[in-house]
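A.B. asks: The structure's right below; bear with me while I get my questions together.
The values are calculated or read from the model by the stated rules, or taken from the named source; none is laboratory data. Computed from a predicted model, the values in this text were never measured in an experiment. Note that we place each Cβ from the backbone using ideal geometry, even for glycine, and neighbour counts take in every protein chain shown. When the accessible area is computed, the model is the full protein with side chains, heavy atoms only, and any ligands, DNA or RNA have been set aside. Shrake-Rupley method; radii C 1.70, N 1.55, O 1.52, S 1.80 Å.
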Amino acid sequence: MVDQSPETLKTTPLEALHLARGGKMVGFAGYRMPVNYPLGVLKEHLHTRTAAGVFDVSHMGQATLAGEDVIAAMESLVPGDLASLTPGQIRYSVLTNDDGGIIDDLMITKVSDGVLYLVVNAACKDRDFAHIGARLAGRAVLTRHEDAALIALQGPKAAAVLARFIPAAESMPFMTSATDKFGDVPVRLSRSGYTGEDGYEISVPNAQVVAVTEKLLSAPEVELIGLGARDSLRLEAGLCLYGSDIDTVTTPIEGALAWVIGKRRREEGGFPGAAKILGHLKDGAPRRRVGVKPLSRAPARAHTEIQNADGKKIGEITSGGFGPSYNGPVAMGYVETAYAKPGTPLQLIVRGQSQPAEVCTLPFVPHRYFKA
Amino acid sequence: MSEVRYTKDHEWVRIEGATAVVGITDFAQGQLGDIVFVEVPAAGKDLTAGGEAAVVESVKAASEVYAPLSGKVVEGNAALPDAPETVNQDPHGKGWFFKMTLNNPAEVSGLMDQAAYDKFVADLS
């Protein structure tokens, strides 16, 4: 997530489109990316919740993993139940390390019995793909999709807009993926996202992604949305930002991601760090990720100290800011497990002053995923 | 007649005799984007030129507003905390942050005038 000097930053195939449409470019995960467009973060956020937004997420890592026993091989790296996936189904999961920490969170699509399609975070992709390639050497072959861009179309109007170009898109179940054609462009379409809204992530060949994006933007419901609103949307939806909310020293149990561990995997283990993670599951973890609702107007940003009612430090905010749809400050962070119950009073130390807050359930804004 | 000066941190100062009104420039509000939180100093607070005086937060990030001159706060703009968007809408008018007395009016000469600030901003882009 480190900003770098402009000359060393990579660009996506949509760079010229961003500049032409007034994107304010910043360094993010080694790429020059638009943080917002002239509409601004607030309106971009609200537009995505009420209509539809298109996001360039081409910086993320896409790859295909192929091998005769690829499902079992990949299960040796993640705690998710992949064996129960049907072709076209997507699973959110985490790559764990031998200490039970999280190397990255990722989307795993079962393309067929011998093929998985992976999408990982931009800042982690080189490390992730090296890790997967090394750990599964001889069992599966990883091929990076450097030839493909990735765009997300998110919001309550996303399905109606995309159906004009790909009729089958509208009836796809949530968390499924399929190949199709956008006009004559071959795409991989996944009904998933990072906003809490219905929507799609569309993998498009680099050479055609400008044309596909322009076509989506020609729909009156669609605006171009930058990384700023992407972050406030995911925060309101209670979704983790890797590197901030979860990292290599956080177990999935601490990260409130116990649900990613399949039932069979809880019994069988067989993933890196299983002893530690299943121990946390059984005996409890020392700390836990929770929603934090500031009760004053002051937003609490990442690294804000969390204290209990008596002024003892019990944790830290990992993501925080202003939620445009929630219309108030929103945050998440880690507290000692004794303080993880919703309603627990907290104090946040913002610029040296104590601000009242409480533990709350996530998400701040209800998910509105597509239900068939 | 009042005189407006500027800092390199993009505060404006309108000098009105022995007091000054302080806000952030239109360039600054544009850079910050949609402002969602403002904290203004209480009357009586001592300010040192270059020291922290107020807080402004957009959806993206929190920023400090620095005291352009040394002195004492006479009044914080009480309307801003409940309507932080005023800073985006009218940064040089209703979006003022605080009024202050001046300890040392000579400090004013260290600030930029309109022409110098316009050039300073032009050189940033």
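A.B. asks: List the strands (runs of 3 or more DSSP E) inside the stretch B:37-105, counting only whole elements, that have at least 1 residues being of a type in the set (Asp, Glu). Working first, answer last.
C.D. replies: Numbers: elements: B:52-58, B:62-66, B:71-76, B:98-101.
Per the criteria, B:52-58, B:62-66, B:71-76.
A.B. asks: Within the set of pairs 6+ apart or on separate chains, which have a first residue in the stretch B:69-82 that is at negative phi and more than 14 Å from every other protein chain (Cβ to nearest Cβ), a second that is aromatic (Phe, Trp, Tyr) and open to solvent by 40 Å² or more (accessible area, probe 1.4 Å), and C-beta atoms under 8 Å apart?
C.D. replies: B:Asn77/B:Trp96
A.B. asks: From the list A:Gly321, A:Gly270, exactly one residue is in contact with a Ser or Thr (Cβ under 8 Å, 6 or more places away or on another chain), open to solvent by less than 10 Å² (accessible area, probe 1.4 Å) and not aliphatic (A, V, I, L, M). Which is it?
C.D. replies: After ruling out the rest, the residue left standing is A:Gly321.
A.B. asks: Would you mind listing the helices (runs of 4 or more DSSP H) fully within the stretch A:206-306 where at least 2 residues are away from chain B (no Cβ under 14 Å), modelled with pLDDT of 95 or more and farther than 30 Å from B:Glu64 by Cα?
C.D. replies: A:209-217, A:263-268, A:274-283
A.B. asks: Oh, and also: Keeping to the stretch A:38-54, report how many residues are more than 14 Å from chain B (Cβ to nearest Cβ) and either in a loop (DSSP other than H, G, I, E, B) or in contact with a Lys or Arg (Cβ under 6 Å, 6 or more places away or on another chain) (or both).
C.D. replies: Here the count works out to 2.
A.B. asks: If I filter the stretch A:52-59 for residues that are open to solvent by 20 Å² or more (accessible area, probe 1.4 Å) and at pLDDT 95 or above, do I get at least one hit?
C.D. replies: no
A.B. asks: Step by step: first the residues of the stretch A:335-372, then only those that are more than 15 Å from A:Ile317 (Cα to Cα) and of a type in the set (D, E, K, R), then the one that is least open to solvent (accessible area, probe 1.4 Å). Which residue is that?
C.D. replies: Per the stated criteria, the residue is A:Arg368.
A.B. asks: Still on this structure, please answer the following. Being of a type in the set (Asp, Glu), more than 9 Å from every other protein chain (Cβ to nearest Cβ) and open to solvent by 10 Å² or more (accessible area, probe 1.4 Å), is that true of even one residue in the stretch B:51-62?
C.D. replies: No - not one qualifying residue is present in the stretch B:51-62.
A.B. asks: Going residue by residue through the stretch A:72-84, is there one that turns out to be surrounded by 16 or more Cβ atoms within 10 Å (Cβ to Cβ), in a helix (DSSP H, G or I), aliphatic (A, V, I, L, M) and modelled with pLDDT of 95 or more?
C.D. replies: yes
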